[in-house]
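Below is one structure, written out as structure tokens; the observations come after it.
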Amino acid sequence: MNKLPFYASLSFACVLLSGAAASAQAPASLPRVAAGIPVNYDEDKVGTYTLPDPLVMADGKPVKDAAAWNKKRRPEILRMFETQQFGVAPGRPKAERFEVIEQGTAALDGKALRRRVDIHLNADKSAPVIHLVEYLPAHASGKVPLLLNISFSAASNTVDDPTLPVGEIWDAKTKAKVPATQGRAFGKIPVPLLLDAGFGVATFYYGDVEPDYAEGFSQGIRRFYLKKGQTERGPEDWGSIAAWAWGMSRAMDYLETDKSVDAKRVAIHGISRLGKTVMWAGAHDQRFALVIESCSGEGGTALSSRNYGETIAHLTAPSRFPYQFAENYAKWGGFPDKAPMDGHMLAALIAPRPLLLQTGDTDYWSDPKGEFLAAVAAGPVYKLLGKDALDTETWPKAKEPVLHDLGYYMHDGGHGMVAGDWEIYVRFLKMHLQPAQ
Ligand code: GCU
């Protein structure tokens, strides 16, 4: 499928305001070329663009009410992201099985009850297994709301819990599993902070679903879904981000059966490519009650139409991450203005559920301003559904959170999470999921 879809030729009248500049210029030392493709960090060279209007159907009809959004426009947008960006994922596997490895062990100085569950994704013994680790407030009186995190490393590296057995992660060099003594962890989750606020926490390693390199296809879950005789993936077949997001839905399948957890109040969190993952998981699976994405950048919430930092062309360059997306996504590289979807529509798919975008003012590559502008442009959908949007078109400075149903927070610093971010997450979670204290 190499032809542009019919809706690509339509353009909608939704021109964005630029917002006031909140942070310093990108330093001259940043590389201006990546994968052989120029990188723009100059606001004056971003250019003008017109975003597809989330509230106008592909056939030009306006979306006037919540029913039209839910029944017509939302499925239409979802389909665009499926076929053009992330790829089409299968449903819940018939053979899915939950094996409780540890029912409830006192952990974290008695603050938590730790539970470990293996989620078997396929009857085949060689198939991937999600090793979910949960921490529940030790003295909860009823079902608790919970933050489900997808991590770059095994739980033993993601949480400060010395009694948790060391997990395994993939070594990208040898393509083999090794003990998770180190790994890209982006700091640890401050589980006690969340427990004190009345929330449970669950986490799993994204590589449990599929390793994060092109060859990971033959080691992960997607190989079990090849059609008979199929040797290569088709243009709309799922990439690894869709596989990781699918893994989050499988974790949710389990959480729905966990009597300690209120499955109607499960929030999700991930950073970077896992920020893109939680955006897609939340868009696709409406069982998730709230989404917190950290620095999801290009291919996540940042507007691709803005030529700033990473672009679709960088993301899908053969030497970088084409395997993370549907093959179709690469064809929009260099032509984001022709694409039927952009980051603001991914954000709109989360509506009316609360969504917090957390960025960093020096994470130039991920375009924090592009994420803010996406949130502004998703606002009309939140409003149509009776929710509070950002209510500002001025890009807030670092450390000035804007927290409504849509939230935006830019920390003072680069790509990642800093301690203060977690305080903001907890504020946002409490605002919306109101745990019993
Ligand atoms: C690269 C990639 C980003 C991605 C990031 C990450 O920088 O270009 O799009 O978000 O890796 O996952 O850390």
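Name the residue, out of D367, D337, that is farther than 19 Å from L78 by Cβ, away from the ligand (no atom under 14 Å from the Cβ) and of a type in the set (D, E).
On inspection, the qualifying residue turns out to be D337.
Please find, within the range 314-333, the residue that is farthest from M410 (Cα to Cα) out of those that are hydrophobic (A, V, I, L, M, F, W, C) and within 11 Å of the ligand (Cβ to nearest atom).
For the range 314-333, the residue satisfying everything is A317.
Could you list, in sequence order, all residues of the range 217-244 that are more than 22 Å from E168 (Cβ to Cβ), open to solvent by less than 10 Å² (accessible area, probe 1.4 Å) and part of a helix (DSSP H, G or I)?
A242
Restricted to the range 49-75, and to residues that are buried (at least 16 other Cβ atoms within 10 Å of the Cβ) and in contact with a Phe, Trp or Tyr (Cβ under 9 Å, 6 or more places away or on another chain), which residue is farthest from E327 (Cα to Cα)?
V63
If you check I292 against the conditions, is it more than 16 Å from the ligand (Cβ to nearest atom), within 18 Å of F428 (Cα to Cα) and touching a residue at least 24 places away in the same chain (Cβ under 8 Å)?
When the stated conditions are applied, I292 does not pass them.
Of these, L373, L385, which one is away from the ligand (no atom under 16 Å from the Cβ) and over 15 Å from A302 (Cβ atoms)?
From the options L373, L385, the qualifying one is L385.
All but one of (1) among the charged types (D, E, K, R); (2) assigned to a strand (DSSP E or B); (3) within 11 Å of the ligand (Cβ to nearest atom); (4) surrounded by fewer than 24 Cβ atoms within 10 Å (Cβ to Cβ) hold for D262, so report the exception by its number.
So D262 meets the others, but not (3).
Go through the range 197-216 and give me each residue that's outside any loop (DSSP other than H, G, I, E, B), surrounded by fewer than 20 Cβ atoms within 10 Å (Cβ to Cβ) and either in contact (Cβ under 8 Å) with a residue 60 or more places away in the chain or not assigned by TED's automatic domain parsing to the domain that holds V129 (or both).
A214
Determine whether T311 is within 13 Å of the ligand (Cβ to nearest atom), open to solvent by less than 20 Å² (accessible area, probe 1.4 Å) and closer than 24 Å to G239 by Cβ.
no
Given the condition closer than 18 Å to R306 by Cα and acidic (D, E), answer yes or no: does some residue in the range 45-66 qualify?
Yes - at least one qualifying residue is present in the range 45-66.
The values are calculated or read from the model by the stated rules, or taken from the named source; none is laboratory data. Model, not experiment: these values are computed from the prediction. Note that each Cβ is placed from the backbone with ideal geometry, even for glycine, and that neighbours are counted across all protein chains shown. The accessibility values were calculated without ligands, DNA or RNA, using every heavy atom of the protein model including side chains. Shrake-Rupley method; radii C 1.70, N 1.55, O 1.52, S 1.80 Å.
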